[in-house]
Amino acid sequence: MTAPLQNALLLTRGDLPKLGIKLSNSTLLRLEAAGKFPKRVRLGGHSVAWLANEVREHIAMLADARPCGR
């Protein structure tokens, strides 16, 4: 379960490239729908963000899933 939103750090679309996530919005939407990327949080109107801890957990999961060795 995620942390309560009042304690959560939110990442905007502009923050994702700083974490190495350089995907188009349509690709992010497809990955979210397939359960392969954390779901966005609607802030209102056209504003969305992601919970930072969920995105970091996702990155860690990808790193753990990579093949060992060279």
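The values are calculated or read from the model by the stated rules, or taken from the named source; none is laboratory data. This is a predicted model, so every value here is computed, not measured. Methodologically, a virtual Cβ is constructed for each residue, glycine included, from the backbone with ideal geometry; neighbour enumeration extends over all protein chains shown. Surface accessibility is based on the protein's heavy atoms, side chains included, excluding ligands, DNA and RNA. Shrake-Rupley method; radii C 1.70, N 1.55, O 1.52, S 1.80 Å.
Per-peptide packing, taken as the mean over residues of other Cβ atoms within 10 Å, places 50-56, 30-36, 62-68 in the sequence 50-56, 30-36, 62-68 from highest down. Dividing the summed helix terms, -39500 (n - 2.57) for each DSSP H run of n ≥ 4, by the number of residues in the chain produces a 222 nm estimate of -10000 deg cm²/dmol to the nearest 500.
Assuming 1.567 mPa s and 4 °C, estimate D for the chain with Stokes-Einstein, Rh taken as the Kirkwood radius over Cα pairs, in µm²/s. Answer from the Stokes-Einstein relation: 99 µm²/s. What the chain shows is 75 Å² of accessible area per residue, with the surface traced by a 1.4 Å probe over protein heavy atoms. Ligands, DNA and RNA left out, the accessible area of the chain computed with a 1.4 Å probe is 58% carbon and sulfur. Please work out how much length the chain gains when fully extended from residue 60 to residue 46, using 0.36 nm per residue of separation minus the C-alpha to C-alpha distance, in nm with one decimal. Roughly 2.2 nm would be gained on extension. Relative contact order for the chain: what percent, with Cα pairs under 8 Å and sequence separation of 6 or more? After rounding, I find 35 percent.
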